[in-house]
Structure formats: C-alpha cells, structure tokens
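Chemist: Okay, here's the structure, questions in a sec.
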C-alpha cells in the first residue's frame, strides 16, 4: 500500500463511519419547522431514536416550506435526496406528478412493504382526503395540518363592547367599533391566498377551479374570479380604505400586529396557538370559527387544511425504509399526536388522538382549541371543499399574493386583480400540464 | 528597450495560464452553456423529462408585462444604488482624508459594514423598518410618515435601495480614500497658492484625478446592484409588494427555485447575462474615454 492510497482510505473511513452509528440504519429527515415547532419535531426524532436499536433518524431543519421543497428536489436531481422530506400542501401536485415517474415511495406501499399494519381509516377524513390518490391510497403522511381560524383579542373586544363576529357583516361592524375605541389596525390576516381565497371558497362551498379543484385532472382551470370571491376581496379592500383593515405582509408576517395588540381580529392558522400561549401575556386571546358571508351561503360547509405532509423519496436501501415506516407508525400513535396537537395547535391527524385529548381534558383547560378540528369536520367534504390539487401552485400563490397586494394598495379593483390572477394562474396550469403529461 | 520574456519550453506558457483558463471554463463557460441549453427546453421539476420548445421561453417572457416592468425596476434600483453608494462614499472619503487625529479609528469604523453578510444586512434593515416592530418605522410614524413597505411599493423600493447602498459604501470608501491619498500634495498646494478654494480644488484637480477610481467603482457597483443584492432583497421584501422590488436577478431565482420552471429561469439568466455583458462593453467603449489615467 503506498502513502496516497493509505491516506485516501483513512479519510474515507473517518468521514463515513462514526463507530457508534455503524450498526444503525441512518435515515435523513428534512423538515421546515423553525423555532419552537422545530424543537418539538427534533424531539420526536430523538424520542424515536432512544427507543430503537436499529434506526437513527437525523432530523434537519432546511428552511421554510418553499426552501425545504426546493432543496429536496435539487438534492434528488443530484442523487443526494433525504429519505423523508416535509412538503406543504400546495406542493402536493408537483410531488404526485413526480410519483408517477418513480421519485416517490407512496406511504401506503411503504407500510405494506415494511409489513406494518396500516389502517387508513383511523386518520381524519378531512385531513387525508387532501393526500390520497384516485384509488384512495395515502401517498404521504400528514404531519402538521391546520386550518385558518379567527383569532381575537378578548380584552380589546370587551373594551369596545363588541362580541366575537360570526359573519363578515358583523366583522365589519366590530372592526369599526374597535377602531373607534383606539385599536390601530383592527383586522388583518396572514397567508392571504389560503385564508381568504382557498378557504373562503371551501367554507362557502364555491369551487376555486374546474375538474373538482384539480383532483379530477390536469386540465383544470381557475374560476376564483367569481362574484363571491370578488365581492369578498372588494369588501376587505373597502375596509382598508376605511382604516379598519391593515395589510401586514405575506405568510405570517402580520403575527406581530396581533401579538402587540395593534390588531384584535386576525385570521390565520390554528397552529399559532403554541406560540401565542408563550408570547401573549398581557391580554386574553381566543379563537373562533371563520365568519360566514351571508350573501353567499347561509351556513358554512367546511374549511380545508394547510400545513405539510411527509413524503418518502426513492433511491435508498430497504432497511432504511423499514426505519422510515417504523418512524411513521411512531408519529401516528395517539400519544405522540395528542401531545403534538396540544402543544402546537395543529389538528390531530387520527381520531384516536382527538379522543385522547378529550379524555385528558385538554379542551376544558384550553377552551376553543378544538375550533380547527370542528371546522374541518363540520360537514362531509364536497368536491369544492375537499382540498386543492393545482400544479405549479407555489408560484400561483405568489401571483395571487401580488394581485391581492395590488388591491390592498388601491392600484387595482378586486375584479381586475382576480381576473388577472386567474389568467396568469391558468397559464401556469397549462405549463404544468405540458411538462407532466 | 523592449522587455520580453522568452520561454524555452513551448508547453510552459500554456501550463502557466491553464489554472486561470480552467477556472473560467468551469465556473463561467460551462454554467453559461448549460443555461443557454436549458433555456430552449421545458423540464419537469424532478428532471425526468425535457421537451424542446425552441424560443418559446423567450417569447413568453417578452409577452409578460411583469417581466418588462422588472427591467425598469432593475434600472432604477441599479442606478440609484450606484449613485447613492458612490456619492456618499466619496463625501466620507474626502472628509476622512482631512482628519488628522485618530484617522485610523474613523476609517476602521467606516469600513466595518463591509464585513456584514448581505443577508444579515437585509435582516437588520427588515427589523429596523418593520411596520409593527421596527424602531425606524416607529420614529417615522412619530414624524407623521405612514411607513408600511408591505403595502407601499415605493417605500419598499426605497428600503432595498438604501440597504443595498449602505452595504456598498464601505467598499467604495476604501477605494476613494486610496485614490485621494495618491493625489500629489504639491499640486493641491500650488492651486491653493493660486487662490483656488477647497471646492474649486476638488472639482478641477481632485475629481478629475479620481476618474479612474470612479470608473472602476461604477462598473463594480452596477454589477453589484444587478447580481449581488439578491440575498438582501430575499431577506427583506422578497420582491414585493406586488412586484415593486422584483429585480431581474430576483425573478431568476423566483422562477427557477420557487417555481421550478427551469426553462424560463434559464432564459432569464441568459438575458441578464447578455445585458450585463452589453452594459460593461458600452461602459468601456464610451465612458472610459472620459477617464484620465
């Protein structure tokens, strides 16, 4: 052995194999949970590792949802993909299309191959219907699912002598009262496409696109420039003119407004619960069901989820996939799900976890925390309310963001903006159809 | 007498330039070739299939009013950043050049921001200007300015221009200061004896002698504004609101990495590359004539 090959050999040995991990199958798990949620997620992996003598899950935070998805796809193209990656709901169509080409290991098949007893019916229908194929097989494991709710600042409402609004007309009234009572930015929301177009549509049983919101085929076209949505967006724009609504940025950027008391009515994910419980100390907050637009429907239908699921990528060894299957089983157990639900505000993904939370008295000590789950299971989902499956939807959401921002700043009317968003969105849908058929 | 190095071996000169050529080929020509190639295809995200579409990606771009608007935004952004960063740096350099006591201290402080990573600088400005949390936004409000760059496109553009320029001032300062120090004292003294005031001395002697530095910085600053400001915009406004701060390089990222539309993203990179090559050419061809070496 000459010096060079000796050096190479030792380097490889040093890099590739820490001695303690040699007999454990290692699984890479990339997620997009930052802050407190990230700690909880890493804790899941640590707890699982502690209880397993054959598996080691390496849980890594890879940035926000978009960044993690992009990183995973780039890694796949380079042949360095993780075993498990967390993808948000709007990336579902992209992942499914990749599944047809063999990039994805569907969860139902993973469980079957690993010989793990897997009963899909224990999962909440409103949660898994978003992630099943046409034969009702589960493709990815729901991990964190939430739905938008109406967060309110109880102290501010009491001070203004107002009740929690249940309809949009009431919400407008209440916002006005709050403004008069010195609340600077009475109403706001986050994830605007999700909360005010996608969920607004489902909540009132109005389709957002043709072909069952994309579930029935790639030929789907957007229809959210309908009167219901346009009038709704115009209403919010008018509130903006009046000063009772103040836009606070994309995603969760407006959270700060609610926490520091500038905003008293805020529509966003139920999953802000964990953070609010920790961060809001100087007022009482609560959550309520989304308001109903009585001009569109008398009663609400059901809301749809947001959040993310765990996708398994192809290209690794069988023992490692067995570990993935065991980890998924661990994550779905009622104890883990109930503790996740109670500490974060995400909905439990199984009925058992919901029942366990009830038994543990969680909804008595933390009232209204079941708002999200009640909203999701309010009615049997219809084709217009079971979810969305649009290709290129990550980009389309950005288009919707842009067009809505043009409305909030007064550059465009709601009608013009929605027409433009539909037109630009349809162009991307066609592009996706071409690239994937 | 002519200076000339004669290599005895024919191979040696080629060997000596080889590393530089290799770097250029690997890090410039190869990626550029790949960008040009993928701009003629439509590809799915995971890279399983690609379809030849000719110039379709380019046609779509020029049909998109948003893309055309992005040119305007980029131009405003680039010129403002370069102008702001260079004029402030020149002012500071002239001032620092006159300081007698603790000159090194001042200089170190002025050069400091250059060590801040662009993304970090972005986050810092983001916090200072955040309409709900930011201290500067709070001061502005008490002055009666309704600051909300989430909604107001002009304010957002102003924010990224100021942040990008702030980051570049140190670099420019360094070069201007070096340039100022190389100006012969005797010339300035002679002018002073001829009763030329400080302002007159600056415009007739100092500034013309600084033109090589200024020209170099102009090229560097424009390239900086066009390419290197991506992480800053990414960390502050993400191209919004609407598309007010969506400069060309940010669109390349957005289309390619967020949208996984590699074909269109590659076409945008090619256009951007052509633009910068063209601009640099124009600068060397025409602006450089005014430079006095």
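Chemist: Applying the selection to segment B:216-241, what residues are facing chain A (nearest Cβ under 10 Å) and over 24 Å from residue B:147 (Cα atoms)?
Modeler: none
Chemist: Search segment A:40-55 for residues that are without any contact (Cβ under 8 Å) to a residue 12 or more places away in the chain and pair each with any residue that is surrounded by fewer than 20 Cβ atoms within 10 Å (Cβ to Cβ) when their beta-carbon atoms are under 6 Å apart and the residues are at least 6 apart or on different chains.
Modeler: A:49/A:56
Chemist: Within segment B:9-44, can you find the residues that are within 14 Å of chain A (Cβ to nearest Cβ) and more than 14 Å from residue B:270 (Cβ to Cβ)?
Modeler: If the condition is that a residue be within 14 Å of chain A (Cβ to nearest Cβ) and more than 14 Å from residue B:270 (Cβ to Cβ), then B:42, B:43, B:44 are the ones that fit.
Chemist: Restricting to segment B:222-241, name every residue that is over 12 Å from residue B:156 (Cβ atoms) and not in a loop (DSSP other than H, G, I, E, B).
Modeler: Across segment B:222-241, the qualifying residues are B:222, B:223, B:224, B:225, B:226, B:227, B:228, B:230, B:231, B:232, B:234, B:235.
Chemist: Another question, then. Within segment B:102-134, take every residue that is exposed (fewer than 14 other Cβ atoms within 10 Å of the Cβ) and farther than 29 Å from residue B:152 by Cα and give me the one that is farthest from the other protein chains (Cβ to nearest Cβ).
Modeler: Among those residues, the one meeting the criterion is B:103.
Chemist: Tell me, which residue of segment B:234-281 that is touching a residue at least 60 places away in the same chain (Cβ under 8 Å) and at positive phi is farthest from the chain's Cα centre (by Cα)?
Modeler: Filtering first and then ranking leaves B:260.
Chemist: Out of the residues in segment A:405-420 that are in a helix (DSSP H, G or I) and at the interface with another protein chain (Cβ under 9 Å from one of its Cβ atoms), state the one that is farthest from residue A:300 (Cα to Cα).
Modeler: Taking the candidates together, the pick is A:406.
Chemist: Only one of (1) within 14 Å of chain A (Cβ to nearest Cβ); (2) closer than 30 Å to residue B:248 by Cβ; (3) in a helix (DSSP H, G or I) is not met by residue B:175, so which one is it?
Modeler: Condition (1) is where residue B:175 drops out.
Chemist: Suppose the filter is touching a helix residue (DSSP H, G or I) at 6+ places or on another chain (Cβ under 9 Å), closer than 29 Å to residue A:410 by Cα, more than 14 Å from every other protein chain (Cβ to nearest Cβ) and assigned to a helix (DSSP H, G or I); does residue B:206 pass it?
Modeler: no
Chemist: With the requirement that a residue be within 10 Å of another protein chain (Cβ to nearest Cβ) and outside any helix (DSSP H, G or I), what does segment B:247-267 give you?
Modeler: Within segment B:247-267, B:259, B:260, B:261 qualify.
Chemist: Let me ask something additional. So how many residues does segment A:225-262 have that are away from every other protein chain (no Cβ under 14 Å) and in contact with a strand residue (DSSP E or B) (Cβ under 7 Å, 6 or more places away or on another chain)?
Modeler: The qualifying residues number 1.
Chemist: Still on this structure, I have one more. With the checklist (1) more than 24 Å from the chain's Cα centre (by Cα); (2) buried (at least 20 other Cβ atoms within 10 Å of the Cβ); (3) assigned to a loop (DSSP other than H, G, I, E, B) in hand, flag the one item residue B:137 doesn't pass.
Modeler: (3)
Chemist: Still on this model: Checking residue A:435 against (1) within 14 Å of another protein chain (Cβ to nearest Cβ); (2) buried (at least 19 other Cβ atoms within 10 Å of the Cβ); (3) modelled with pLDDT of 90 or more, which test does it fail?
Modeler: In the conditions (1) within 14 Å of another protein chain (Cβ to nearest Cβ); (2) buried (at least 19 other Cβ atoms within 10 Å of the Cβ); (3) modelled with pLDDT of 90 or more, residue A:435 misses (3) alone.
Chemist: Please state which one of A:147, A:167, A:94 is under 20 Å from the mean Cα position of the chain (by Cα) and at pLDDT 90 or above.
Modeler: Among A:147, A:167, A:94, only A:147 is under 20 Å from the mean Cα position of the chain (by Cα) and at pLDDT 90 or above.
Chemist: Working only within segment B:88-109, note down all residues that are without any contact (Cβ under 8 Å) to a residue 24 or more places away in the chain and assigned to a helix (DSSP H, G or I).
Modeler: B:91, B:95, B:98, B:103, B:104, B:105, B:106, B:108, B:109
Chemist: Here is a further query. Using the structure shown, decide if residue B:143 is away from chain A (no Cβ under 14 Å), surrounded by fewer than 20 Cβ atoms within 10 Å (Cβ to Cβ) and closer than 22 Å to residue B:88 by Cα.
Modeler: no
Chemist: Same structure, new question: Just need a number here: residues in segment A:60-94 that are away from chain B (no Cβ under 12 Å) and more than 25 Å from residue A:191 (Cβ to Cβ).
Modeler: 3
Chemist: Quickly run through segment A:129-183 and pick out the residues that are free of Cβ contacts under 8 Å to residues at least 24 places away in the same chain, touching a helix residue (DSSP H, G or I) at 6+ places or on another chain (Cβ under 9 Å), assigned to a helix (DSSP H, G or I) and within 28 Å of residue A:296 (Cβ to Cβ).
Modeler: The one that is free of Cβ contacts under 8 Å to residues at least 24 places away in the same chain, touching a helix residue (DSSP H, G or I) at 6+ places or on another chain (Cβ under 9 Å), assigned to a helix (DSSP H, G or I) and within 28 Å of residue A:296 (Cβ to Cβ): A:177.
Chemist: Restricting attention to segment B:146-162, and to residues there that are within 14 Å of residue B:232 (Cβ to Cβ) and either within 12 Å of the chain's Cα centre (by Cα) or free of Cβ contacts under 8 Å to residues at least 60 places away in the same chain (or both), which single residue is farthest from the other protein chains (Cβ to nearest Cβ)?
Modeler: The residue in question is B:161.
Chemist: Condition first: farther than 22 Å from residue A:386 by Cα and in a strand (DSSP E or B). Can you find one or more residues in segment A:346-356 that meet it?
Modeler: No: segment A:346-356 contains no residue that is farther than 22 Å from residue A:386 by Cα and in a strand (DSSP E or B).
Chemist: Something else now. Which numbered condition trips up residue B:244, out of (1) within 14 Å of another protein chain (Cβ to nearest Cβ); (2) touching a helix residue (DSSP H, G or I) at 6+ places or on another chain (Cβ under 6 Å); (3) not in a loop (DSSP other than H, G, I, E, B)?
Modeler: Answer for residue B:244: the failing condition is (3).
Chemist: Only strands (runs of 3 or more DSSP E) wholly contained in segment A:250-319 count here; list those with 1 or more residues that are farther than 30 Å from residue A:61 by Cβ and not assigned by TED's automatic domain parsing to the domain that holds residue A:103.
Modeler: Once the strands (runs of 3 or more DSSP E) in segment A:250-319 are filtered for at least 1 residues that are farther than 30 Å from residue A:61 by Cβ and not assigned by TED's automatic domain parsing to the domain that holds residue A:103, what remains is A:265-269, A:285-288.
The values are calculated or read from the model by the stated rules, or taken from the named source; none is laboratory data. Small disclaimer: the values here were computed from a predicted structure and weren't measured. For neighbour counting, all protein chains shown are included, and Cβ atoms are generated from backbone atoms with ideal geometry for every residue, glycine included.
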